[in-house]
Amino acid sequence: MANIFLGQILLACVIVESTLLSLPLTLIGLLVISRKIGDDVIYWAFASGLILDFFTLRTLGLSSIFFLVLLFIGGRYRKKLHTSQFIYHLLFLILAIILYTVFFYRTIEILKIVFSCISGGILFIILEKIFPDSADKRLEI
Amino acid sequence: MEARSHSIYWLIAVSVLIFILDYSGLLFFVKVPADIVILPVKRGVYGSSVKLKNLLNVFASYPRYHSLVDDVSRLKRENEELSYRIKSLTDENISMRRQLDASLPASYTYITAPVIALSRFMELGVGETDGVKAGMPVVIGNVLLGKINAVWARRSSAILLTDTEITIPIKTDRGAKGALHGQVSDTMFFEKVLQKDPLFLNDTVVTTGEDGLPPNLVIGKVSYIQSDDASVYKQAKIDPVIDRTKERTVFVISSLH
């Protein structure tokens, strides 16, 4: 049930990102759900990356490579991300968003980065309400 | 744990393989059936967003409801008069085009393209099967919106004039020449204009006919000029003449002859 819901969230992020807004919503969705499902996020990253490529007319596999490499790098620095300080998660999110927008949208706009972070925060709060879980499953790669 | 750590390497390897295969054009048979699902989804979502924007405009205009009703009646009357004039002018125009050098010759052929998405690129519901090719200009009337940059079987995308990766040669109706360069925040700049060239506010900016684009396609109007006497060039901000976010159908110029 949880997987179906998370899949629908990612699919909605893919559709909105590819049709209406030039924001890294799929990336934000993956980073948010990684806090819930732990290392299983890599399979979601692979699948959502492929679907995003289909929707955005990109070369297939490009988004998947980006998401997986980003999650791999994030996993390597998991000790830092394991701290309880929110600032580390926020910094990683901002860095990921900047890299994504530079690579795929060829631009850095402060407003879009701020809006993306706010979207990530809202999505995280929604997931916390729907799936409250005291056990914090960090990304373990 | 070890198995999980190997999984990501395998997934990255598979992604790279898929990338190489698609880059080589070997996955075309996978993309064609995917468009059957993707096209109606994107068309529905984008169409709904445009309707929602129009609905919000209606709510915003509600305080002016009564004056709007009067305006509608007056405009209907004027519309009927103008329709008659249009018909007679159209007949006259067809014959004049044969003799005058119009900016959009009657010899141009167009592919009607529905807009199915608008994020970084404008995505169109026509593709290779409809005759679309990369590099073709996308217009509404004689206003240039962008160029086709990616083509699939039934979809294509157009890079817009506000994109940071587009640069095209342009000129004004007074003869000032330079280059259009897209900037952040969806703006366009007219750059590399010599100081001696005449450039004024509200000058119309059009294509020069180079870089594979037809000549005299309207880009926009000059809204702000930035000039420094110590510099060789001056530049200007260009405002578009149409709101591309409200357009649901555009045209791809498929042939100039």
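Values in this text are rule-based calculations from the coordinates and carry no lab data. What you see is a predicted model; the values in this text were computed from it and never measured. All Cβ positions, glycine included, derive from the backbone under ideal geometry; neighbour counts span all protein chains shown.
Structure values in brief
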| item | result |
| --- | --- |
| Which of A:29, A:92, A:14, positive extreme of dipole for chain A (C-beta unit charges) | A:92 |
| Charge dipole magnitude, Cβ of K and R +1, D and E -1 - region A:1-115, Cα centre, debye nearest 20 | 360 |
| 0 to 90° range, to nearest 10: angle between helix A:25-37 axis and chain A longest Cα axis | 20 |
| Region A:102-135: trypsin sites (Lys or Arg not before Pro) falling in loop per DSSP and having at most 16 other Cβ within 10 Å | A:106 |
| Average partner coverage of A:10-18, which counts Cβ from other chains inside 10 Å | 3 |
| Potential extension, residue B:6-residue B:195 segment - 0.36 nm per residue separation minus Cα distance | 61.9 nm |
| Other-chain or far-sequence residues with amide H under 5 Å of residue B:143's (modelled H) | B:218 |
| Value of [θ]222 nm, deg cm²/dmol, for chain B, DSSP H segments ≥ 4, -39500 (n - 2.57) each, nearest 500 | -12500 deg cm²/dmol |
| Test item: Cα-centred dipole of chain B, Lys/Arg +1 and Asp/Glu -1 on Cβ, debye | 480 |
| Pairwise FRET efficiency - residue B:64 versus residue B:186, Cβ, R0 = 25 Å, nearest 0.05 | 0.35 |
| Tail fraction, Cα-Cα pairs, chain A, threshold 22 Å, whole percent | 32 |
| Exposure proxy ranking, count of Cβ atoms within 10 Å, fewest first, for B:152, B:10 | B:10, B:152 |
| Chain B: most fluctuating residue of B:51, B:237, B:171 per GNM, C-alpha cutoff 10 Å | B:51 |
| Residue-averaged beta-carbon neighbours from other chains (10 angstrom radius) around A:60-73 | 5 |
| Helical segments meeting 18 Å axial Cα length and Kyte-Doolittle 1.0 threshold in chain B (DSSP H) | B:2-23 |
| Mean Cα-pair separation over length for chain A, i.e. relative contact order, pairs under 8 Å, 6 or more apart, % | 32 |
